[in-house]
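The values are calculated or read from the model by the stated rules, or taken from the named source; none is laboratory data. Everything numeric here is computed off the predicted structure, so don't read it as measured data. Quick reminder, even Gly has a Cβ in these numbers, built from the backbone with ideal geometry, and neighbours come from all protein chains shown. SASA here: full protein model, heavy atoms, side chains in, ligands and nucleic acids out. Shrake-Rupley method; radii C 1.70, N 1.55, O 1.52, S 1.80 Å.
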Amino acid sequence: QLVQSGGGLVQAGGSLRLSCVASGRTFSHYAMGWFRQAPGKERELVASISMSGGTTYYADSVKGRFTISRDDAKYTAYLLMNNLKPEDTAVYYCAADKFETSTYGYWGQGTQVTVSS
């Protein structure tokens, strides 16, 4: 089970941090990803981090502004979002990929991020 927190309403240029807490003690066996879906658009992968934390991926649209991280001791993944833009407005989901099979089989409940101009 993945439980998300964070999100909300922020002005353009502001920052937010999303958190995703996993239940269970095998968090280190999962690569983690953050996805988002805006109204009328397909869900897209925003960022991901490997099981070891040594490899990260960012969509071009967020590169240099968003940072994904993980704290295995707290079973938590984070997405720090800086310099937010109105086009970042979406529902954000965290997801877990067991053993990095490229299949995200576990999903958080989603959290709304709204960036006003």
Listed residues 65, 25, 17, most fluctuating in the chain (Gaussian network, C-alpha, under 10 Å): 25
All lysines inside 22 Å of residue 63 as judged from Cα atoms, apart from same-chain residues fewer than 8 positions distant: 41, 85
Candidates per GluC sites (Glu not before Pro) in the stretch 44-117, loop by DSSP, up to 15 other Cβ within 10 Å: 100
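For the chain, with all protein chains present and a 1.4 Å probe, just round the carbon and sulfur fraction of the accessible area to a whole percent. Don't skip to the end; give the middle numbers.
Details: 2990 of 6140 Å².
Carbon and sulfur together cover 49 percent of it.
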Debye intensity ratio I(q)/I(0), log10, the stretch 31-98, q values 0.13, 0.15 Å⁻¹ (C-alpha model): -0.34, -0.45
Rounded accessible area per residue of the chain, 1.4 Å, Å²: 52 Å²
Radius of gyration and Dmax over the Cα atoms of the chain, both given in Å: 13.3, 41
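At 0.36 nm per residue, and after removing the present C-alpha to C-alpha distance, how many nm does the segment from residue 80 to residue 15 gain when stretched out fully? Display every interim value, and only then the final one.
On the way: separation 65, 0.36 × 65 = 23.40 nm, distance 0.74 nm.
Once the chain is fully extended between residue 80 and residue 15, it gains 22.7 nm.
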